[in-house]
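Notes follow once the structure below has been shown.
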Amino acid sequence: MTTSYESVDQNKFGFEKFEHFFRETDVDGSGYIDQDELIEKLIKCGFKGSVDSMKRMFATADTSGDGQISFHEFMVAMGFKLSPKHKGDMMRFVFSEYDTHGNRKIHISQLEKIFKEFEKHFVRGEIRRMRELAEKMKDSAGFIDYEEYLKQIQIQQGIIKMEQLKPKPKKPEEPVVEKVSATTVTSTFTAPPPKMYNGPKMVQLTYKLHYRVPKGSDDKLAILGDIPELGKWNPADAVIGTESPIGSGWWSVIMEVPAETPFEWKWVVIPKSKCHIVRWEIEYGGPNRTAYSGDRNQIITHTHIPWQDWTKY
């Protein structure tokens, strides 16, 4: 792949320059480059090759085969072997993407998906030792403090370099409103209204995925799962996604699910009639995806989705 980009001088353009190129090319801000974005950017940069050659370059860089180039795929295609510091930054970024609570903790069940993203930067022995360390560091509920985990990887394996995180800024305290008179000084405040509970707390999960349905088809992207809110694997009750803009291939599925609830699920393609499954996704590492709803609304973009043809439910 590097020979296809031979007009780019790596000695002149360092890691940061290539990173800037990637961010500029990713015009929709999705965190991934699609084929059209890459071709448009290369033409603007004066690339003299044919469109077919640019398509071949894209296919070579898209090692996951999902029709998009991630930042890490791009940097590897540019001939970069990530330094320990860049590996540390990359791992921290990936963990933060899976940190649904914002408390720097992830569940052990999420690690296989995360390790898939690490495979191109670490050898199998390093990944194996990471797995073993994670098993040792998980708490009784199966959660891992990933900042401490990364620190231990640096100490024990020396394959990454972590910079000290700055402490999170504290929220300013609410000012106390004081009422002053000639004879008294009293602090006053308004008590919050009592909480009313009319059932389990619900959270909104928005899952996004890029998928193009065949032209003229009434197929839709949807989500099925093992809880009632996700249809309990019945295609008639699947949660249907919305493509926006129409024809763009970008789908969003908005789900209302109980808070703090584990569940299993899959992306599916179904016809408008919802009578059967057209295609199931094939998830890495097991038959179904697993998730934990957490206690707040989330928006998550998924990538690396392999599909299986399926003609009937």
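The values are calculated or read from the model by the stated rules, or taken from the named source; none is laboratory data. Just so it is clear, the model here is predicted, and its values are computed rather than measured. Positions of Cβ are backbone-derived with ideal geometry, glycine not excepted, and every protein chain shown enters the neighbour counts. Accessible surface areas use protein heavy atoms only, side chains included; no ligands, DNA or RNA. Shrake-Rupley method; radii C 1.70, N 1.55, O 1.52, S 1.80 Å.
Considering only residues of the stretch 58-70 that are part of a loop (DSSP other than H, G, I, E, B) and out of contact with any strand residue (DSSP E or B) (no Cβ under 6 Å at 6 or more places or on another chain), which is most open to solvent (accessible area, probe 1.4 Å)?
Top of the filtered list is Thr63.
In the stretch 100-111, is there at least one residue being β-branched (Val, Ile, Thr) and assigned to a loop (DSSP other than H, G, I, E, B)?
Checked against the condition, which is being β-branched (Val, Ile, Thr) and assigned to a loop (DSSP other than H, G, I, E, B), the stretch 100-111 yields at least one hit.
Pick from Ile155, Ile144, Ile160, Ile108: which is at pLDDT 85 or above, out of contact with any Ser or Thr (no Cβ under 8 Å at 6 or more places or on another chain) and within 24 Å of Ala77 (Cα to Cα)?
Result of the check over Ile155, Ile144, Ile160, Ile108: Ile160.
Any chance the stretch 268-278 includes a residue that's at negative phi, open to solvent by 50 Å² or more (accessible area, probe 1.4 Å) and outside any loop (DSSP other than H, G, I, E, B)?
No: zero hits.
When Met90 is evaluated against the numbered criteria (1) within 23 Å of Glu37 (Cβ to Cβ); (2) open to solvent by 50 Å² or more (accessible area, probe 1.4 Å), which criterion, by number, is the only one it fails?
Result: Met90 fails condition (2) only.
Of all residues in the stretch 17-64, how many are in contact (Cβ under 8 Å) with a residue 24 or more places away in the chain, within 20 Å of Trp250 (Cβ to Cβ) and of a type in the set (Gly, Ala, Ser)?
Residues that pass the stated criteria total 3.
Please find, within the stretch 21-57, the residue that is most open to solvent (accessible area, probe 1.4 Å) out of those that are assigned to a loop (DSSP other than H, G, I, E, B) and hydrophobic (A, V, I, L, M, F, W, C).
It comes out as Val27.
Provide a single number: the residues in the stretch 186-230 that are open to solvent by less than 60 Å² (accessible area, probe 1.4 Å), of a type in the set (Gly, Ala, Ser) and modelled with pLDDT under 85.
2
Using beta carbons and a limit of 9 Å, which pairs, at least six apart or on different chains, have the first residue in the stretch 83-101 and in contact (Cβ under 8 Å) with a residue 60 or more places away in the chain and the second one part of a helix (DSSP H, G or I) and aromatic (Phe, Trp, Tyr)?
Going by the 9 Å Cβ cut-off, the qualifying pairs are Ser83/Phe15; His86/Phe15; Lys87/Phe118; Met91/Phe118; Met91/Tyr146; Arg92/Tyr146.
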